[in-house]
Structures are given as C-alpha cells and as structure tokens.
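See below for the structure under consideration.
Values in this text are rule-based calculations from the coordinates and carry no lab data. All values derive from a computational prediction rather than experimental measurement. Cβ coordinates were reconstructed from backbone atoms using ideal geometry, including for glycine residues, and neighbour counts include every protein chain displayed.
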Amino acid sequence: MLMRTQVSRTRWGGIADGQFRPGGFFRTGRRGGVHWLIDPDGGRFLSKGVDTVSFEQDKIRDTERSPYAENALRKYGSVGAWRKAVNGRLAGWGFNTLGSWSDVSVADAGGAALAVTPNLDLGMSFAWPRKQAFPDVFDPQFEAHVGRRAREMCAPHRDDGKIVGWFIDNELRWGPDWRGTEELHALFLNYPESSPGRRAALAAEPSSFTASIAERYFALTTAAIRAADPNHLVLGCRFALVPQPGAIAAAGRHADVVSFNCYELDPSKAIEAYAATGKPCLIGEFSFRAADSGLPNTIGAGPKVATQDERAACFRAYVTAALRYPAIVGYHWFEHADQPAEGRFDGENSNFGTVTINDDVYRALTDAMAAVNGEAEALHAAVAAS
C-alpha cells in the first residue's frame, strides 16, 4: 500500500491538482491512460460510495417494522439528526458518494458535500406491472415509457451539481443466473403470442438475440435520459453477472460509464470483461459478511468469512485490486446497515452493514475503509507509471 500523504481536495473530495478544469457537473476524463471521474470543481474523482444509506433501510419481511429505523430513532431522536450524523460519519470513513437506494437528503445534511447516484429502474418499471422477466424493448410502449419516466425523474434535477449520473436499472436478467437457466431468447419465446418481443424472438437468430435486445435497450434508455437531462452521466445498468459480449459492447457504445455488481473475493476477471469496452467502469455493489456478526447470513450474495477482521482484509484486498485497473472510476459498498435477522423483503438476512442493526459501527471494517479510501486516488494514479 502507498503511504498516505496530505493532498488538496475539492469540496467533493476530488484531488485538486489542476489536471482538469471545472465544468459545473461530473464528467469523465483520462490522464496517462487512466480513467477518472471529474467533479464539478475539476477534481480527479473516484466515486467511493455506500449503498442504501436510508433511515428505513429494511423492513422485516411481510411487516411494516424496520428495526434499524426504530433503533436509530431512539439513538438520534429524529431523522434529521440521523442524516447529519451519517453525513459526517461517511465522510470520516473517506466516502464521497451515496450509492443506489440512498436518502439523497443525507448528501448535504452535514458538513460534507456528498455526491449521489440515483437508480431510475427505467426498464424494470416497464416490466414489473406486465410480469415480464426482462422488459419487452420491442414493444412500442417501451420507448414511450422510458421517455416519460426519464422526464419525471431526471428533468427536475438537471441542474443539480451533486448528481454524478443516473443508473438506468439494477441487475436485469441478461442470461442464466440465480433466477433461472434460460437465455433471453428462450425467455422471450415464452411471452404472450401477441407480444412484440415474442415475434422478435421467433424471427431472430438465437445466438445474436441478446445483442439485439441490448442494442435497443441501451439506445432507447440512454437517449431518454439525455433528452431529459443533458448535464449528467449515464452510469449503465449495473450488470449482475458477466453477460454475453454483445450486451457489454452495447453498454459501452451508449452509456458514459459501464456499471456492474461483483460479489467475488477478487473483481479482476469481471473488470477485464467490462473494461474491454474502453469505457470507464464503476462497481455498483460488492460486500463481505462475517459469521461473528450473529446474523444468520443464510440468504445474500457474496463470500462469507469468520470474523470482522477478515471482512476488513477482504475490503482492502478487493478495492486495491480494482484500483490497479485503469478503467475503474468508482466502487460502492453494499450496504450501510445490517439486514434484519428475520430477513428483509426477499429474505436476505446478512451482515452487509458498515453498522449493526443498532447503529453500532464495525470498527475493523470502517478503519480499513478509511485507510483505503484515503489513498485510493494515489493507488489508481500509480497505474499510469506501472
């Protein structure tokens, strides 16, 4: 690891060394072959984030009870006080971004200026009411839907400097995964006979169908976002598992940043797959959970280790490995607080938090986060000299 040195930072936490000019909004750039985000003040910026920073993060499955919210209310007395405390705490750990599903009011509730990365669910908000496993991008109503939703969600915030950009969706079913073994061609063949997607599948070569879906999906969603908000980045769709190359290539053609979630001990193989696009890449979720937390850890993604010290070591190794890749411009930890032992809406009951359900800090983990986050830009810049 590099020695930590005192550096000048912008209000957003970017490195203020004059390599880039201010531009008013977050954008992408490159120096010495290394990709960066550039913050509104011209700082070299890596998006170091935490997902689901929310007072009512999780409700116990099939109930309206949120144990974390109950405990936080007792501790802080109000949501406003909680927001202020969490803003300072995240900044103290070296984080500069609120990841997906976060309360954006935390961003400026304290002394730190935190960036935000909202998730639009553009595609899945079309699919959910139609009970589609993947949105039927061939349906003419799909284009109208994503345009309308982008106008509603993005246009009112087009001048908001704290927005890094917009995630289009999260973990769409691009192929075989934990939800089923079918490729998209087989899924679309099972859609109703009258559906445009089924007709498209019947007329298509199975081997190229995923690529054609991806091209239409990314072309329509990115166009909708940019029409509603030309000022902010399109951050991709947060791929879950590495999909067919055609899907990755389409993301690279249309999005400003290719985003993906990677619950492995080492993200290197995933990064290499997505970095082949030539676009900057952002890890939207990763995490490790430990047996000594007292939580069941029976449902939830990613490796399980024995202790919090091991969990901290895993964070350090994962992020250090990721920063060696020139394409990486950010990494977001999943998530802010532990899940309820009884299970959240989908049953997950794991030790993913930076804090417990009682809002007690995991010191080994957050000390490691603070150390790595503090030297992240130096680690990433060193790639250019290696």
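With the convex hull drawn over the C-alpha atoms of region 217-260, the volume per residue is 59 Å³. Under the simplified labelling scheme, the Arg199-Trp128 pair shows an inter-label distance of 2.8 nm, with each label point 7 Å from Cα along Cα→Cβ.
Look at the dipole of region 255-386 built from charges on Cβ: of His336, Asn373, Ser350, the Cα furthest out on the positive end belongs to Asn373. Summary of packing: across the peptides 190-203, 105-118, 301-314, the per-residue average of other C-beta atoms within 10 Å ranks them, highest first, as 105-118, 301-314, 190-203. Here the dipole of region 47-385 is about 400 debye; that uses its Cα centre as origin and unit charges on the Cβ of Lys and Arg (positive) and Asp and Glu (negative).
Any chance you could run the full-extension gain for Arg316 through Trp178? It's 0.36 nm times the residue separation minus the Cα-Cα distance, nm to one decimal. Kindly include the intermediate steps, with their values, before the conclusion.
Numbers: separation 138, 0.36 × 138 = 49.68 nm, distance 2.74 nm.
So the chain would gain 46.9 nm between Arg316 and Trp178.
Taking a threshold of 29 Å on the Cα-Cα distance, which of the pairs Lys131/Lys304; Lys59/Lys131; Lys59/Lys269; Lys131/Lys162; Lys48/Lys131 fall above it? Pairs exceeding the cut-off: Lys131/Lys304; Lys59/Lys269; Lys131/Lys162; Lys48/Lys131.
With the simple spin-label model, which puts each label point 7 Å out from Cα in the Cβ direction, the Thr28 to Glu264 separation comes to 2.1 nm.
Could you state the orientation-averaged shadow area of the convex hull built on the Cα atoms of region 89-233, in nm² to one decimal?
Numbers: hull surface 40.2 nm².
Computing the convex hull of the Cα atoms and averaging its projections yields 10.1 nm².
Here the dipole of region 137-258 is about 180 debye; that uses its Cα centre as origin and unit charges on the Cβ of Lys and Arg (positive) and Asp and Glu (negative).
Shape descriptor for region 231-386: Rg over Rh equals 0.99 (Cα atoms; Rh from the Kirkwood inverse mean 1/r).
Per-peptide packing, taken as the mean over residues of other Cβ atoms within 10 Å, places 70-76, 212-218, 48-54 in the sequence 48-54, 212-218, 70-76 from highest down. With the convex hull of the Cα atoms taken as the outline of the chain, the averaged projected area works out to 18.4 nm².
Cβ neighbours within 10 Å, averaged per peptide: list 352-358, 339-345 in order, most packed at the top. Intermediate results must be reported in sequence, preceding the final value.
Numbers: 352-358: 21.1, 339-345: 18.7.
For the peptides 352-358, 339-345, the packing ranking is 352-358, 339-345.
Taken over region 143-229, the alpha-carbon convex hull comes to 112 cubic angstrom per residue.
When every alpha-carbon pair in region 219-315 is counted, what percent end up more than 15 Å apart? Numbers along the way, then the final one.
On the way: 3022 of 4656 pairs.
Value for region 219-315 (Cα pairs over 15 Å): 65 percent.
In the chain, taking the dipole from charged Cβ atoms about the Cα centre, the farthest positive-side position among Ile60, Leu120, Ala223 is held by Ala223. Here the simple spin-label model places points 7 Å from the Cα toward Cβ, and for Glu272 and Ala81 these points are separated by 5.2 nm. Entry note: region 246-295 has Rg to Rh equal to 1.14, where both radii use alpha-carbon atoms and Rh is the Kirkwood radius.
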